[in-house]
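Student: Input: one structure, supplied below.
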Amino acid sequence: MMSRSESLFERAKRVLPGGVNSPVRAYQSVGGCPRFIKKAEGTYVYDEEGKRYLDYIGSWGPMILGHNHPEIQEAVIGAARNGLSFGTATEMEVQMGELLCELVPCFDMVRMVNSGTEAVMSAIRAARGFTGRDKIIKFEGCYHGHFDALLVKAGSGVMTAGIPDSSGVPKGCAKDTLTAVYNDMDSVRTLFEDNQGQIAALIIEPVAANMGVVLPEEGFLKELRKICTQNGTLLIFDEVITGFRLGLQGAQGAYGVTPDLATFGKIIGGGMPVGCYGGRREIMEMIAPLGSVYQAGTLSGNPVAMAAGLKELSILKEHPEIYGHLEELGETFRSGVRDILKKHGAKCQITGTGSLSCLFFTDIPVTNYEEAKTSDVQAFADYFHYMLDHGIHLAPSQFEAIFFNNAMKPKDVDQTLRVMDSYFALKE
Ligand SMILES: *Cc1c(COP(=O)(O)O)cnc(C)c1O
């Protein structure tokens with residue numbers, strides 16, 4: 001007998017490429033049938049057969065307060081009663097803009113869009129418009145959404161699918177994209193020396209969370225800030241994951257480095273499709289209708305999406321203790337995992353900060369993409385299925401993060417650690 005997920009997956013594969021609307025959901029790198037999720041509440045997701053899983057995906061970040069938060073649900077329903085979309089200016093967009101500019105250090109002005117991809121694409125255009133230059137620097141293993149110019153060594157999705165770069169990207173689109181090595185200032189300096197006066201922007205995930213979780217080494221972000229300023233290059237932090245996860249000020253607050261522009265997504269939509277980009281006033285004043293950089297969106301700043309995001313951000317702002325709780329969950333998890341790895345002699349690396357973690361199945365410390373790629377993805381797949389069979393819902397890829405949320409309690413972490421302990425005991 002097929003499970004409901006299996007029969008849905010069969011149907012899905014006939015009409016959706018790979019049976020999914022975003023590749024990593026298809027379980028390609030871990031094998032087996034994705035669980036079709038019917039509902040979610042707090043720390044749990046429930047599949048089509050009603051089986052419950054402790055969820056560490058959290059919709060890839062937005063569910064930082066836990067699933068189906070009652071206040072967010074209420075805000076969305078309230079907004080929907082007034083109409084789903086007007087295509088006009090609304091008060092909620094002003095409130096969202098004010099809140100974001102108050103909290104995000106680099107934001108003088110902000111533009112709302114509908115996804116992280118759109119945010120990054122637009123920020124790059126703004127940087128090119130502002131500087132009058134074409135070239136951009138990105139880092140191997142950092143993902144910035146699926147738009148052409150940045151689909152170069154782009155981390156999790158492409159790593160998991162085993163495609164080096166995407167086909168369908170015209171050579172011309174990627175020719176101005178230069179790639180540097182994460183945590184390697186020499187690789188950055190070389191690019192600046194070889195392309196003097198030509199680099200519009202350097203974009204980075206200030207904590208890389210799409211090649212597994214890789215932290216910036218001490219001083220790395222500060223050095224990037226310095227070299228960008230020296231060269232008239234805009235520094236862009238892609239905070240689509242780190243924004244409102246590493247604290248109310250994102251990674252720029254946590255590391256004390258202020259970029260010229262930053263992009264957000266995921267958490268700021270509270271589960272709705274939302275992104276934004278913003279930064280220094282003189283750059284943002286280049287955006288239409290004020291300036292010559294064109295960027296638009298029929299549903300941008302949509303009232304239902306704004307209601308969800310505004311409520312989520314307001315709760316985070318009013319309850320800064322949430323970040324302490326998340327930090328504690330993350331630290332308890334990481335130290336528990338370290339003990340388990342030691343006890344069973346398992347050759348894995350546990351990385352992370354705050355509510356972001358990753359277990360790499362490799363025996364070398366991971367500080368960049370090449371090192372992340374030494375991970376044994378078969379071993380990860382085996383571990384992934386054991387966890388899933390024991391009710392723990394992890395992202396189905398070695399190169400994705402483990403996300404903690406505020407609905408989790410220490411006992412949830414303990415339960416997860418017990419399952420991990422029994423797994424590594426079996427493998428000893
Ligand atoms: C998810 C992600 C994006 C893309 O956001 P979408 O909403 O999926 O388009 C961009 N940058 C980073 C760092 C991300 O994690």
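Student: So, residue 51, is that one assigned by TED's automatic domain parsing to the domain that holds residue 394 and either more than 30 Å from residue 377 (Cβ to Cβ) or open to solvent by less than 20 Å² (accessible area, probe 1.4 Å) (or both) or not?
Tutor: Numbers: assigned by TED's automatic domain parsing to the domain that holds residue 394: yes; either more than 30 Å from residue 377 (Cβ to Cβ) or open to solvent by less than 20 Å² (accessible area, probe 1.4 Å) (or both): no.
So residue 51 does not fit the description; no.
Student: Somewhere in segment 315-335, is a residue of a type outside the set (Ser, Thr, Tyr) and at pLDDT below 95?
Tutor: Kept after step one, since they are of a type outside the set (Ser, Thr, Tyr), are these residues of segment 315-335: 315-322, 324-331, 333-334.
Checking which are at pLDDT below 95 leaves us with 320.
So far as segment 315-335 goes, yes, one or more of its residues are of a type outside the set (Ser, Thr, Tyr) and at pLDDT below 95.
Student: Mind checking whether some residue in segment 61-70 is in contact with a strand residue (DSSP E or B) (Cβ under 7 Å, 6 or more places away or on another chain), within 16 Å of the ligand (Cβ to nearest atom) and open to solvent by less than 30 Å² (accessible area, probe 1.4 Å)?
Tutor: Of all residues in segment 61-70, those in contact with a strand residue (DSSP E or B) (Cβ under 7 Å, 6 or more places away or on another chain) come to 61-62, 66-68.
Then keep just the ones that are within 16 Å of the ligand (Cβ to nearest atom); that gives 61-62.
With the extra rule that they be open to solvent by less than 30 Å² (accessible area, probe 1.4 Å), the set shrinks to 61-62.
Yes, that holds for at least one residue.
Student: Say we look at segment 229-257 and pick out the residues that are more than 27 Å from residue 99 (Cβ to Cβ) and either in contact (Cβ under 8 Å) with a residue 40 or more places away in the chain or crowded, with 20+ Cβ neighbours inside 10 Å (or both); which of these is nearest to the ligand (Cβ to nearest atom)?
Tutor: Once the filter is applied, the top-ranked residue is 233.
Student: Between a first residue in segment 139-152 that is among the hydroxyl-bearing types (Ser, Thr, Tyr) and a second residue that is open to solvent by less than 10 Å² (accessible area, probe 1.4 Å) and more than 7 Å from the ligand (Cβ to nearest atom), which pairs have beta carbons less than 9 Å apart while being 6 or more apart in sequence or on different chains?
Tutor: Every condition considered, the pairs that remain are 143/150; 143/154; 143/155; 143/156; 143/208; 143/211.
Student: Among (1) open to solvent by less than 20 Å² (accessible area, probe 1.4 Å); (2) modelled with pLDDT of 85 or more; (3) within 16 Å of the ligand (Cβ to nearest atom); (4) not in a helix (DSSP H, G or I), there is one condition residue 154 misses while meeting the rest; what is its number?
Tutor: (2)
Student: When the residues of segment 384-419 are filtered to those that are more than 29 Å from residue 243 (Cα to Cα) and part of a helix (DSSP H, G or I), which remaining residue is least open to solvent (accessible area, probe 1.4 Å)?
Tutor: Looking at the filtered set, the residue picked out is 419.
Student: Keeping to segment 113-126, report how many residues are away from the ligand (no atom under 13 Å from the Cβ) and either under 16 Å from residue 89 (Cα atoms) or open to solvent by 20 Å² or more (accessible area, probe 1.4 Å) (or both).
Tutor: Total meeting the criteria: 1.
Student: Would you mind finding the one in 22, 3 that is open to solvent by 20 Å² or more (accessible area, probe 1.4 Å) and within 16 Å of the ligand (Cβ to nearest atom)?
Tutor: The match here is 22.
Student: Same structure, new question: Does residue 272 qualify as being more than 16 Å from the ligand (Cβ to nearest atom) and open to solvent by 30 Å² or more (accessible area, probe 1.4 Å)?
Tutor: no
Student: Is it the case, given these coordinates, that residue 41 is in contact (Cβ under 8 Å) with a residue 12 or more places away in the chain and either open to solvent by less than 90 Å² (accessible area, probe 1.4 Å) or hydroxyl-bearing (Ser, Thr, Tyr) (or both)?
Tutor: When the stated conditions are applied, residue 41 does not pass them.
The values are calculated or read from the model by the stated rules, or taken from the named source; none is laboratory data. These numbers come from a predicted model, not from an experiment. Backbone-built Cβ (ideal geometry, glycine too); neighbour counts: all protein chains shown. Please note that ligands, DNA and RNA were not included when accessible areas were found on the heavy atoms of the full protein model with its side chains. Shrake-Rupley method; radii C 1.70, N 1.55, O 1.52, S 1.80 Å.
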